[in-house]
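Below you'll find the structure, written out as structure tokens, and then a few comments.
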Amino acid sequence: RHTKYQGPTNEPSPQEMSRVEKLVPMNYQDSDYKVFTNRGTKDTGKHPVDWARELVRLGVGEILLTSIDREGMMVGYDTALVGAVSSSVSVPVIANGGVGKLEHLVEGIKAGANAIAATSLFYFTDQSPIKAKSRNEDRSS
């Protein structure tokens, strides 16, 4: 069930804002990271860290952080982005986009994500959630 956002008309809804994504991979301090909404079609011109802080100010309980450059590529999470955002907010951050190996799951947690999400790893390989859980428990400590 969706409710209509009652905020200013030039601001996206909290549901749209919860998908923090990036444009170009670079170091956080001089990055060209940008947040996109509407399935990656609308550039907000905002930096993911600033956007995430705004989300927290608006009262979100968690952030699903997806790198559109890495989504479906199976090259690993954008750990710089995960680290920058997760260290800037007080709510849980779920890393998403890019997992292709079990090691990538551990990298997401070590980068600062509170949780991790993966699809291609399980859909296009012989890996299973049971193997992922075991590997994550072995390596994350």
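Among the residues examined, A118 does not qualify as in a strand (DSSP E or B), touching a strand residue (DSSP E or B) at 6+ places or on another chain (Cβ under 9 Å), aliphatic (A, V, I, L, M) and within 22 Å of Y33 (Cβ to Cβ).
Please verify whether Y77 is in contact with a helix residue (DSSP H, G or I) (Cβ under 8 Å, 6 or more places away or on another chain), at pLDDT 95 or above and among the aromatic types (F, W, Y), treating the condition exactly as stated. In short, yes. The single condition among (1) crowded, with 16+ Cβ neighbours inside 10 Å; (2) modelled with pLDDT under 90 that D138 does not meet is (1). Looking only at region 29-59, how many residues end up being at pLDDT 90 or above, β-branched (V, I, T) and open to solvent by less than 30 Å² (accessible area, probe 1.4 Å)? Total meeting the criteria: 2. Within region 75-98, track down each residue that is surrounded by 16 or more Cβ atoms within 10 Å (Cβ to Cβ) and assigned to a loop (DSSP other than H, G, I, E, B). Those that are surrounded by 16 or more Cβ atoms within 10 Å (Cβ to Cβ) and assigned to a loop (DSSP other than H, G, I, E, B): G76, Y77, D78, S88, V89, G97, G98.
The values are calculated or read from the model by the stated rules, or taken from the named source; none is laboratory data. Just so we're clear, the structure is a prediction, and the values are computed from it rather than from any experiment. Every residue, glycine as well, gets a Cβ built from its backbone with ideal geometry; the counts of neighbours run over all protein chains shown. Accessible surface is based on the protein model in full, side chains and every heavy atom, while ligands, DNA and RNA are left aside. Shrake-Rupley method; radii C 1.70, N 1.55, O 1.52, S 1.80 Å.
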